[in-house]
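Have a look at the structure below before the remarks.
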Amino acid sequence: MVKVGDKVPSATLRTMGPEGPKAITTEELFPKGKKVVAFALPGAFTPTCSAKHVPGFVSDFDKIKAKGVDTIACISVNDAFVMDAWGKSQNVGDKVMMLADGNADFVKALGLDNDFSKNGMGTRSKRFSMLVEDGVVKQLNVEPQGAFEISSADYMLGKI
């Protein structure tokens, strides 16, 4: 599993662009000279993710940006179409980048994938948040299964 001090592994995510799904590499997302807060969750439109996780980062956007964060990104093992629709339903606007890790390549590279096959959901992400500066993990908050506390926007604000 990735740990504080590790470089973010190389992977390609997808975001919705004007012409459809657009690739974004982790090198582009976490570049040198930038501070990024990324959070990941088991799935778009799922109860805790929709009621608490995404709304927290949207409502705390100004406070997080005031701490010098350049980008806030939400990552889920869904496709770019679903992430785009979810972002619209959550009114994220330009505050949170909605990123698809459709094959779970990124979360697997981080060692933060979770097998939800018994629930018919396949491979998903563990719920976590991280602060990345210059492509290096500076803060990592991984939730125990079923929990929602240390990956929240409020918790991250206290750690930046």
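None of the figures in this text is laboratory data; all of them are computed from the coordinates on show. None of the values given here were measured: they were computed from a predicted structure. So basically every Cβ, Gly included, is an ideal-geometry build from the backbone, and we count neighbours across all protein chains shown.
A few remarks follow.
- Cβ-based net charge around VAL137, under 11 Å, with every Lys or Arg adding one and every Asp or Glu removing one: 0
- Coil-residue chymotrypsin sites (Phe, Trp or Tyr not before Pro) of region 31-132, DSSP, other Cβ within 10 Å capped at 11: none
- Per-selection Kirkwood Rh - the chain (Cα, Å, 1 d.p.): 15.3 Å
- Residues THR46, THR26, ranked from the fewest to the most other C-beta atoms within 10 Å, line up as THR46, THR26.
- Near PHE30, once Lys and Arg are set to +1 and Asp and Glu to -1 for all other residues with Cβ below 12 Å from its Cβ, the sum equals -1.
- The order of ILE75, ILE24, going from fewest to most other C-beta atoms within 10 Å of their C-beta, is ILE24, ILE75.
- In the chain, the sites counted are GluC sites (Glu not before Pro) in DSSP loop states with at most 13 other Cβ atoms within 10 Å, and the longest stretch holding none of them, exclusive of the sites, is 20-148.
- Debye, to nearest 20: dipole size of region 47-160, +1 on Lys, Arg Cβ, -1 on Asp, Glu Cβ: 260 debye
- Longest exposed-site-free window of the chain, the sites being trypsin sites (Lys or Arg not before Pro) in a DSSP loop that have at most 16 other C-beta atoms within 10 Å: 68-160
- Taking the helices alone, the chain has a mean residue ellipticity at 222 nm of -6000 deg cm²/dmol, built from -39,500 (n - 2.57) per DSSP H run of at least 4 residues and averaged over all its residues.
- Reachable lysines, given that their alpha-carbon falls under 18 Å from the alpha-carbon of LYS126 and they are not under 8 places away in the same chain: LYS3, LYS52, LYS108, LYS118
- Remark: the ALA109-PHE45 segment gains 20.6 nm on full extension, using 0.36 nm per residue and subtracting the alpha carbon distance.
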